[in-house]
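The values are calculated or read from the model by the stated rules, or taken from the named source; none is laboratory data. Since the model is a prediction, treat every value here as computed from it, not as a measurement. Virtual Cβ from ideal backbone geometry, glycine too; neighbours counted across all protein chains shown.
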Amino acid sequence: MKKTLLTVSFVFLTTLALSFQAYSQWDCVLSTEDASANGPGYQVPSVALIKANTFVALVIRVQIPAGQLPYDDVNTRDSASANYLVGYSNPTDTSGRMTVVPYAQPGLFTRWVSGFDEIQLYRAFKTVGTPDSLVYVANNDPDHNILVFRLSKDSVISTDYRITTGTDDIMGLAVDNNGYVYVLNVYGTTANTKEVKIFKGIKAAANAWGQPPHTDTPIQTIDLPVGVYRGLAVSPDGKQLFISSVSNRDVVKYQGTPTGGYTKVAGFSFALTAGDSIPGTKYLDSASSTDKWDLARPLGMTYLSPNNILFVAAARWLGFNIKAHNSSSAYTYSRIYAVNPNNGAILADSIDVANYYFINSGSYTSQIFVTQHISGYSSTYDVAFDANKDMYAQSFYSWTVEKWHNSHTLQTITLGVREVSNSVPEQYSLAQNYPNPFNPTTTIQFSLKTGSRVELTVTNVLGQPVKTLVNEEVTAGTHEVTFDARTMASGIYFYTLKAANFIETKKMILTK
């Protein structure tokens, strides 16, 4: 990164933007060149990551019906036309695209096909990739299917898998390591009590993904308050679930399991502030006399494991034709927040995407490919990570996919106490850690018959303190905590629970 470009000539940058200079450990190392043989051809709201340097871009042709308000009016139904999928393998700025995609081609779209069953990609804004080369798309056809494709060596092909989700528009989508599929409605209403639906995966017994009519009962649902929602992320074990609200401009956390249910976590708080706005870009909605276009909103999210960091893409949900309503100042905001999943605190691994463009090019709307990988026109709607902890994002209005590398070591957050069940047990207990032996993390579960102050500590064979995992008030019920021992030597360790008058110690083995 050209840090030396931040000189006195740029003093007009706001204090808020300058505060993000601490996040300069991120560098963009790839940007698929717009208006070239390697570009996706149109706007990209999301990327399905398969593995390092292998991904599928979800592309959309967006149109505005006559008389309809822009997307920033969160109370108005989103509308868009067809989508298509573009695969990339070992890409550079100028190579790696698998298929020929005409630039700005009207009417181009992808079909999901299985025998005589055919569904067109339509009004889809979110896609998720899995290591087995599957590509899940939250589609807004009449049955609002989750459609499943597969990335082959040279193209994106249909599978026989899809599942219907109902009559409501969907956007948020996630798949955990156990194969459970999570889907989020765009709108939360009083009439609907199932804004989040969780389905068993395509490898589960007696699933409906590959069987017509592809309709299955969710194994779990969550009722959300009235609002408008965009993003959904889960931890790999499915025990932490995060939802972004564009109407409240915040992220909420739920804790539990796909089979046992979820409860909202009161101690988690992440919300955009007055600083997350773009002066000079207001668009007045005459119907409500409310300024809508100047507000950034939390959108797509992902959970990075084993670092235990939630990444939240924040941008303006821009609209169909940004220059019809705004100047280039509309592109001065896009951020990817790194967030502590325990409490919602913003971490130093965050990045100000728009400011990065400006520092490296002197403009928010410059496109510099190959040498500097600058997409410009910042509009980061989603984020994903590969096994190397490189970050994949996109610039929606620059029609590009980006890869970002962190030159520093990402911090690791120790997960706090997580509630497994609020059912009150008959007695205090401390379970054996699992797995055991372990490397490098293990889970310790304990139960409390009354709320009390809890101390959970780890010692070595000499009885010397190694780590305090819990030292706080904990409510009655069954809880668990993760012990991360990646910096410790192999050997035998002991963990001790103290709660009220209860004390118990158990042995665990770290094997590296």
So, Thr496, is that one at pLDDT 95 or above, farther than 27 Å from Lys389 by Cβ, part of a strand (DSSP E or B) and touching a Ser or Thr at 6+ places or on another chain (Cβ under 9 Å) or not? yes
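Can you tell me which residues in the range 370-392 are within 21 Å of Ile278 (Cα to Cα) and in contact with a helix residue (DSSP H, G or I) (Cβ under 8 Å, 6 or more places away or on another chain)?
Looking only at the range 370-392, we keep the residues that are within 21 Å of Ile278 (Cα to Cα), and these are 374-382.
Across the range 370-392, the qualifying residues are Ile374, Ser375, Gly376, Tyr377, Ser378, Ser379, Thr380, Tyr381.
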Within the range 212-239, considering residues that are assigned to a strand (DSSP E or B) and not small (Gly, Ala, Ser), the one surrounded by the fewest Cβ atoms within 10 Å (Cβ to Cβ): Thr221
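Output yes when any residue across the range 449-469 is hydrophobic (A, V, I, L, M, F, W, C) and under 23 Å from Asp237 (Cα atoms), and no when none is.
If we filter the range 449-469 for residues that are hydrophobic (A, V, I, L, M, F, W, C), which is where we start, we get 454, 456, 458, 461-462, 466, 469.
Now drop any that are not under 23 Å from Asp237 (Cα atoms), which leaves 456, 469.
The answer is yes; a qualifying residue exists.
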If a residue has to be within 19 Å of Thr54 (Cα to Cα) and surrounded by 16 or more Cβ atoms within 10 Å (Cβ to Cβ) to count, how many in the range 156-179 make the cut? 5
The residue that is modelled with the highest pLDDT, considering only those in the range 304-339 that are more than 13 Å from Asp294 (Cα to Cα) and more than 14 Å from the chain's Cα centre (by Cα), is Asn307
For the range 360-380, does any single residue satisfy the condition of being among the hydroxyl-bearing types (Ser, Thr, Tyr), under 19 Å from Glu33 (Cβ atoms), surrounded by 21 or more Cβ atoms within 10 Å (Cβ to Cβ) and within 16 Å of the chain's Cα centre (by Cα)? yes
Ser395 fails exactly one of the following numbered conditions: (1) over 23 Å from the mean Cα position of the chain (by Cα); (2) assigned by TED's automatic domain parsing to the domain that holds Thr130. What is the number of that condition? (1)
In the range 471-484, is there at least one residue being of a type in the set (A, V, I, L, M), at pLDDT below 90 and part of a strand (DSSP E or B)? yes
Hits in the range 240-261 (condition: assigned to a strand (DSSP E or B), of a type outside the set (Gly, Ala, Ser) and at pLDDT 90 or above): Gln240, Leu241, Phe242, Ile243, Asp250, Val251, Val252, Lys253, Tyr254
Failed item, numbered, when Lys389 is tested on (1) assigned to a helix (DSSP H, G or I); (2) at pLDDT 90 or above: (1)
Is it fair to say Gly463 is in a loop (DSSP other than H, G, I, E, B), surrounded by fewer than 16 Cβ atoms within 10 Å (Cβ to Cβ) and out of contact with any helix residue (DSSP H, G or I) (no Cβ under 7 Å at 6 or more places or on another chain)? yes
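Every residue, every condition in (1) part of a strand (DSSP E or B); (2) modelled with pLDDT of 95 or more; (3) not aliphatic (A, V, I, L, M), yes or no:
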| residue | (1), (2), (3) |
| --- | --- |
| Val183 | yes, yes, no |
| Asn192 | no, no, yes |
| Ile198 | yes, yes, no |
| Gly210 | no, yes, yes |
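Do we find that Ala66 is surrounded by fewer than 20 Cβ atoms within 10 Å (Cβ to Cβ), in the same structural domain as Leu299 (by TED's automatic domain parsing), within 16 Å of Pro40 (Cα to Cα) and modelled with pLDDT under 90 in this structure? Even if it seems obvious, please write down each step before you answer.
Working: surrounded by fewer than 20 Cβ atoms within 10 Å (Cβ to Cβ): yes; in the same structural domain as Leu299 (by TED's automatic domain parsing): yes; within 16 Å of Pro40 (Cα to Cα): no; modelled with pLDDT under 90: yes.
Judged against the criteria, Ala66 is not a match.
Collect the residues in the range 161-181 that are outside any strand (DSSP E or B) and touching a strand residue (DSSP E or B) at 6+ places or on another chain (Cβ under 8 Å), keeping them in residue-number order.
Step one: list which residues in the range 161-181 are outside any strand (DSSP E or B), which gives 165-169, 176-180.
Thr165, Gly166, Asp168, Asp169, Asp176, Tyr180 - these are the residues of the range 161-181 that are outside any strand (DSSP E or B) and touching a strand residue (DSSP E or B) at 6+ places or on another chain (Cβ under 8 Å).
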